[in-house]
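Single-structure report; data block below.
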Amino acid sequence: MARALAALLLPVALIAQTNSAQTNRYNFDESKVGPYTLPDPLTLANGQPVKDAKTWTDVRRPELIKIFEDQVYGKTPATDPEIRYSDVVTDSGALKGKAIRKQVTVYFSPRNDGPQMHLLLYLPKDAKGLVPVFLGLNFNGNHTVHADPGIIAHEVWVRDPASTTKPAKMLHLPPDERTRGSDANAWQVEKILAKGYGIATIYYGDIEPDFVGGVGLGVRPGLLEPTGRPVEDWSALGAWAWGLSRAVDYLKTEKAVDSRHIALIGHSRLGKAALWAAAQDTRFALVISNESGKGGASLLKRAYGETTDHLNDAFPHWFNAHYKQYTGHPEKLPIDGNELLALIAPRPLYVASAEEDRGSDPKGEFLAAFDAGRVYKLLGKKGLPSKTMPAVDQPVMTDIGYHVRTGKHDVTAFDWDQYLAFADAQRGKRN
Ligand code: GCU
């Protein structure tokens, strides 16, 4: 039974497993890392140093955004589809009376069968005043984040077990009921509510299904059509990031939500999407990268863990067409994770690693967060205090938080304890 369930569960976990087996191009030997040069967030394209906040905000920040658009994630189309919020289902007595559960469909076209995403929102029942909210995409469907029978189980993308092709055929199906609550550990809904926060989530496959060939089934073609640009000009990570901004649009219409305090969280590939979303959209007030790894917080130029080769090979749809030129050549990348993190400044940023998540290169994630601290400092905030990585399970928090936790690539209760403490401390500073 456990095996049958595991097979049904998490198509994404399955993909991750397959990939972690392909370690041939990964280096896990620190002595083989070799020298590398980090691009400097505080040097302008013309070689001049960035010496003040205004130059950062008016000149350097847009320069960096443009490089990430051109070379990595693609430019988010400015076209605004006709968005409708519909099919709202509210239960004010959810989770044994502890929560208000709201579910809404966000339609991205006038058609009911067009692109749409389903947002699940929990708010603490006894909230006094506006509620700050954590927002994050989920991997396997809204119904997996809690065993709550009231969560609507919308269709998810799964591999066709009968498929013999490579890549396997994918199907869009109502999920198996046995997957309800299967990712509850990574979401910690009760813990979040008990601390006075709300939690909002969307299945990322609603925005664009995550497989090669999935692009035609997500939002990319429709949004790019008016621009005449090809789909390869943008990316799946870009599309997921776009969806997160649309979730903020919705949350701003929610009267009970404190839209000045929306904290964005993303794990792994969804951490990459979260960082890019927050780099572009400053309405995200606090950002958490949970093991976003290479192509996210980590340093691609540091030759440890996953490579540009692997990213382009296994997940060509995640990045734009230009990114392909960096296969085998991370040294040529004009940007790196330190600059992606710098784009979050001066907003509070938490970067988390896990000791056994070597593919993400925890040290690369730490060093990127440390380096981004120089931009925080320029903007009057505090970065990480030391260039030496803290010991395992010893979080450090200034305006940037960091920890490397014991264990595997995952989101755990320990991680959430730190994020909640960090969010509390930062709200204390702002209120
Ligand atoms: C793969 C991929 C990583 C990614 C991870 C995930 O392991 O190589 O870059 O972060 O999947 O999203 O779980």
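The values are calculated or read from the model by the stated rules, or taken from the named source; none is laboratory data. The shown structure was predicted, so the numbers you read here are calculated from the model rather than taken from an experiment. Ideal geometry is used to build each Cβ from the backbone, glycine not excepted, and the neighbour counts take in all protein chains shown. Remember, those area values only see protein heavy atoms, side chains included, never the ligands or the DNA or RNA. Shrake-Rupley method; radii C 1.70, N 1.55, O 1.52, S 1.80 Å.
Mind checking whether some residue in the stretch 400-407 is aliphatic (A, V, I, L, M), in contact with a Leu (Cβ under 7 Å, 6 or more places away or on another chain) and open to solvent by less than 10 Å² (accessible area, probe 1.4 Å)? Looking for residues that are aliphatic (A, V, I, L, M), in contact with a Leu (Cβ under 7 Å, 6 or more places away or on another chain) and open to solvent by less than 10 Å² (accessible area, probe 1.4 Å), one finds at least one in the stretch 400-407, hence yes.
Restricting attention to the stretch 356-375, the residues that are crowded, with 18+ Cβ neighbours inside 10 Å and either assigned to a loop (DSSP other than H, G, I, E, B) or in contact with a Pro (Cβ under 6 Å, 6 or more places away or on another chain) (or both) total 3.
Here is a check on your reading of the model: is Glu225 under 30 Å from Lys75 (Cβ atoms) and in a loop (DSSP other than H, G, I, E, B)? If you could, list the steps in order and put the result at the bottom.
Numbers: under 30 Å from Lys75 (Cβ atoms): yes; in a loop (DSSP other than H, G, I, E, B): no.
Considered against the rule, which asks whether it is under 30 Å from Lys75 (Cβ atoms) and in a loop (DSSP other than H, G, I, E, B), Glu225 comes out as no.
When each of Met397, Met389 is tested for being closer than 21 Å to Val133 by Cβ, open to solvent by 50 Å² or more (accessible area, probe 1.4 Å) and in contact with a helix residue (DSSP H, G or I) (Cβ under 7 Å, 6 or more places away or on another chain), the lone residue that passes is Met397. For the stretch 241-286, a residue qualifies if it is outside any helix (DSSP H, G or I), more than 15 Å from the ligand (Cβ to nearest atom) and closer than 17 Å to Ala352 by Cβ, and the qualifying residues are Ala263, Leu264, Phe284, Leu286. Residue selection: Tyr73 satisfies the criterion of being within 30 Å of Tyr323 (Cα to Cα), touching a Ser or Thr at 6+ places or on another chain (Cβ under 8 Å), open to solvent by less than 40 Å² (accessible area, probe 1.4 Å) and modelled with pLDDT of 95 or more.
When you go through Asp415, Asp424 one by one, which is the residue that is touching a residue at least 40 places away in the same chain (Cβ under 8 Å), open to solvent by 30 Å² or more (accessible area, probe 1.4 Å), assigned to a helix (DSSP H, G or I) and of a type outside the set (Ser, Thr, Tyr)? First the steps, then the outcome.
On the way: Asp415 fails: open to solvent by 30 Å² or more (accessible area, probe 1.4 Å).
So the residue among Asp415, Asp424 that is touching a residue at least 40 places away in the same chain (Cβ under 8 Å), open to solvent by 30 Å² or more (accessible area, probe 1.4 Å), assigned to a helix (DSSP H, G or I) and of a type outside the set (Ser, Thr, Tyr) is Asp424.
The single residue among Gly238, Gly295 that is under 26 Å from Arg358 (Cβ atoms), within 16 Å of the ligand (Cβ to nearest atom), buried (at least 21 other Cβ atoms within 10 Å of the Cβ) and not β-branched (Val, Ile, Thr) turns out to be Gly295. Considering the stretch 308-331, the residues that are assigned to a loop (DSSP other than H, G, I, E, B) and open to solvent by less than 30 Å² (accessible area, probe 1.4 Å) include one that is nearest to the ligand (Cβ to nearest atom), namely Phe315. Of the candidates Thr164, Thr105, the single residue that is without any contact (Cβ under 8 Å) to a residue 40 or more places away in the chain, in a loop (DSSP other than H, G, I, E, B) and not basic (Lys, Arg) is Thr164. The single residue among Lys66, Lys54, Lys96 that is open to solvent by 80 Å² or more (accessible area, probe 1.4 Å), modelled with pLDDT of 95 or more, under 30 Å from Asn138 (Cβ atoms) and assigned to a helix (DSSP H, G or I) turns out to be Lys96. Could you please find all residues in the stretch 167-200 being of a type in the set (Val, Ile, Thr) and part of a strand (DSSP E or B)? Across the stretch 167-200, the qualifying residue is only Ile199.
A Cβ distance below 7 Å, combined with a sequence gap of six or more or placement on separate chains, defines the contacts here; from the stretch 244-271, residues that are within 23 Å of Gly296 (Cβ to Cβ) and open to solvent by 10 Å² or more (accessible area, probe 1.4 Å) reach residues that are within 16 Å of the ligand (Cβ to nearest atom) and in a loop (DSSP other than H, G, I, E, B) in the pairs His267/Glu291; His267/Val411; Ser268/Glu291; Ser268/Ser292; Ser268/Gly293; Ser268/His409.
From the set of residues in the stretch 211-235 that are buried (at least 23 other Cβ atoms within 10 Å of the Cβ) and touching a residue at least 40 places away in the same chain (Cβ under 8 Å), which is nearest to Trp157 (Cα to Cα)? Walk me through how you get there before you give the answer.
Initially, the stretch 211-235 is screened for residues buried (at least 23 other Cβ atoms within 10 Å of the Cβ), giving 218-220, 223, 234-235.
Imposing the further condition that a residue be touching a residue at least 40 places away in the same chain (Cβ under 8 Å) reduces the set to 218-219, 223, 234-235.
Values: Gly218: 12, Val219: 15, Leu223: 21, Trp234: 21, Ser235: 18 Å.
Within the stretch 211-235, the match that is nearest to Trp157 (Cα to Cα) is Gly218.
Checked against the criteria, Gly337 counts as surrounded by 23 or more Cβ atoms within 10 Å (Cβ to Cβ), without any contact (Cβ under 8 Å) to a residue 60 or more places away in the chain and more than 11 Å from the ligand (Cβ to nearest atom). Screening the candidates Thr201, Thr179 for the property of being touching a helix residue (DSSP H, G or I) at 6+ places or on another chain (Cβ under 9 Å), among the hydroxyl-bearing types (Ser, Thr, Tyr), within 27 Å of Gly238 (Cα to Cα) and crowded, with 18+ Cβ neighbours inside 10 Å yields one hit, Thr201. Please verify whether Pro174 is in contact with a helix residue (DSSP H, G or I) (Cβ under 8 Å, 6 or more places away or on another chain), surrounded by fewer than 22 Cβ atoms within 10 Å (Cβ to Cβ), without any contact (Cβ under 8 Å) to a residue 40 or more places away in the chain and not β-branched (Val, Ile, Thr), treating the condition exactly as stated. Judged against the criteria, Pro174 is not a match.
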